[in-house]
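As structure tokens, the structure follows; a few thoughts come after it.
The values are calculated or read from the model by the stated rules, or taken from the named source; none is laboratory data. These numbers were taken from a predicted model, which means no experiment stands behind them. Cβ sites come from the backbone with ideal geometry, for glycine too, and all protein chains shown count toward neighbours.
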């Protein structure tokens, strides 16, 4: 089935011939295309413009340099790719190395140093090159998957593509790796593409590379629509800045989102594919026509135009007026504890609860093992009356902080699970892009649906929309 068969109004859709003649040939100079086609040149130009990219480990230009490379010096985890590769061909992503010095892919298959050497020979000989010419090899640090995508992408880090034209973001989607795609975000291999609302930075419709439109992450009941993309406005800003730096008038800018470093540009594409239209259930043609001829003086205006013309405006308008982020009743939350320890989980935003509560296992991961042991010792009673609970908590509050300095308070708690005495600790919490300090009680939530709830006292910086479902 062709792209045009998916829409009744075919005039909205950009076809291959029109893409090639009216946009690639018309707007992209050979010099600009050369920058996009060469990943090393791309990295050089972007870094000069202070646009972040993955950290470079080394470049291998020829077989002499390959022979001189000490493979044992490579890290356990890295990405190897052809400098002028096409459509992901030749890219290898390694997550670890075993005791026999074999590197391990996302699907747990292994590659020996000898096999890797011969793969490098294929790259140098131009097997994966866009022009079938001799090529070079780029080795970069592997980007660490962002917590927001932990439950959505199998092994591999998802990539986010933004189509930019005339310094205006036109359309975007995220490609999620699946078990079928062996941890690679490649639709042809069975990955999932999900459209992104340009104004909201949230996912919309989804398409599986081999089976068509879908609603859930394959093999789960996790809905693909409504996923919030962190650093969304920053990503759009970088996309427009990359277009300006390379002088590509029509381009796809591909990002990976590192859990520590944020958005990193991994590739520019001067010949964007058209499957992005399927994932968005909309055509590129009318959007490109609408952006043609507009005078965009600066990056901020380009981002603003893209959001206003091609995205929903209600959510962003509410946030702007209220000065608060709009969140749903289920959000991916990151907790930060002692000694830079952190963990992420899907938490329930519960306005019916007074304060935030975390499961014992989360507390352990955050470095509060001694307090968890205290909770499990039975010194904090459950099923007490209000008078008893207040009396016991006041007594313990005088005694426990001396031995357990991380205890912030000892409180009597009345909840749907009954009356109890609980200890709370201070920690940092991140919801969307907002990080703040709060206190959380430690409770055995192992038999409950969610291992964390975010209560009213931790929600003063947000507006809650119950219709938002992850």
Filter the range 404-434 for residues that are surrounded by fewer than 16 Cβ atoms within 10 Å (Cβ to Cβ) and modelled with pLDDT under 90; the one that is nearest to the chain's Cα centre (by Cα) is 433
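Give the range 294-315 a look and list any residue that's outside any helix (DSSP H, G or I) and in contact (Cβ under 8 Å) with a residue 40 or more places away in the chain, or say none. Show your work before the answer.
Kept after step one, since they are outside any helix (DSSP H, G or I), are these residues of the range 294-315: 294-298, 311-313.
Residues satisfying the conditions are 294, 296, 311, 312, 313.
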Set 211, 225: member being surrounded by fewer than 24 Cβ atoms within 10 Å (Cβ to Cβ), within 15 Å of the chain's Cα centre (by Cα), free of Cβ contacts under 8 Å to residues at least 40 places away in the same chain and over 29 Å from residue 297 (Cα atoms): 225
Within the range 245-264, the residues that are within 16 Å of residue 167 (Cβ to Cβ) and crowded, with 21+ Cβ neighbours inside 10 Å are 246, 248, 250, 251, 252, 253
The one condition in (1) at pLDDT 90 or above; (2) surrounded by fewer than 14 Cβ atoms within 10 Å (Cβ to Cβ) that residue 1 fails to fulfil: (1)
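Only one of 448, 396 is over 17 Å from residue 362 (Cβ atoms), outside the structural domain of residue 257 (by TED's automatic domain parsing), at pLDDT 85 or above and surrounded by 12 or more Cβ atoms within 10 Å (Cβ to Cβ); which?
Details: 448 fails: over 17 Å from residue 362 (Cβ atoms).
Of 448, 396, the one residue that is over 17 Å from residue 362 (Cβ atoms), outside the structural domain of residue 257 (by TED's automatic domain parsing), at pLDDT 85 or above and surrounded by 12 or more Cβ atoms within 10 Å (Cβ to Cβ) is 396.
Within the range 457-469, how many residues are surrounded by fewer than 19 Cβ atoms within 10 Å (Cβ to Cβ) and under 27 Å from the mean Cα position of the chain (by Cα)? I'd like the intermediate steps shown before the answer.
Let us first name the residues in the range 457-469 that are surrounded by fewer than 19 Cβ atoms within 10 Å (Cβ to Cβ), namely 457, 460-461, 463-469.
Keeping just the survivors that are under 27 Å from the mean Cα position of the chain (by Cα) gives 460-461, 463-469.
Adding up the residues that qualify gives 9.
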Would you please name the residue that is nearest to the chain's Cα centre (by Cα), looking only at residues in the range 19-35 that are surrounded by fewer than 14 Cβ atoms within 10 Å (Cβ to Cβ) and farther than 24 Å from residue 135 by Cα? 20
Being modelled with pLDDT of 90 or more, within 16 Å of residue 130 (Cα to Cα) and not in a loop (DSSP other than H, G, I, E, B) is the filter here; which residues of the range 36-90 pass it? 36, 37, 39, 40, 41, 42, 81, 82
Residue hits (the range 375-393; in contact with a strand residue (DSSP E or B) (Cβ under 8 Å, 6 or more places away or on another chain) and either more than 26 Å from residue 362 (Cα to Cα) or not assigned by TED's automatic domain parsing to the domain that holds residue 361 (or both)) are 385, 386, 390
Filter result for the condition that a residue is over 11 Å from residue 138 (Cα atoms), surrounded by 14 or more Cβ atoms within 10 Å (Cβ to Cβ), in the same structural domain as residue 254 (by TED's automatic domain parsing) and touching a residue at least 24 places away in the same chain (Cβ under 8 Å), over 86, 66, 74, 46: 46
Residue selected from the range 161-208 under the condition crowded, with 24+ Cβ neighbours inside 10 Å and without any contact (Cβ under 8 Å) to a residue 24 or more places away in the chain, by the criterion nearest to residue 281 (Cα to Cα): 175
Of everything in the range 103-129 that's surrounded by fewer than 18 Cβ atoms within 10 Å (Cβ to Cβ) and part of a loop (DSSP other than H, G, I, E, B), which residue is farthest from the chain's Cα centre (by Cα)? 125
Of the residues in the range 4-18, those that are out of contact with any helix residue (DSSP H, G or I) (no Cβ under 9 Å at 6 or more places or on another chain) and either at pLDDT 95 or above or within 29 Å of residue 133 (Cβ to Cβ) (or both) come to 17
Condition test on residue 156, is it surrounded by 14 or more Cβ atoms within 10 Å (Cβ to Cβ), touching a residue at least 12 places away in the same chain (Cβ under 8 Å) and not assigned by TED's automatic domain parsing to the domain that holds residue 268? no
Has the range 245-258 got at least one residue that is out of contact with any helix residue (DSSP H, G or I) (no Cβ under 6 Å at 6 or more places or on another chain), in a loop (DSSP other than H, G, I, E, B), within 19 Å of residue 277 (Cβ to Cβ) and in the same structural domain as residue 294 (by TED's automatic domain parsing)? no
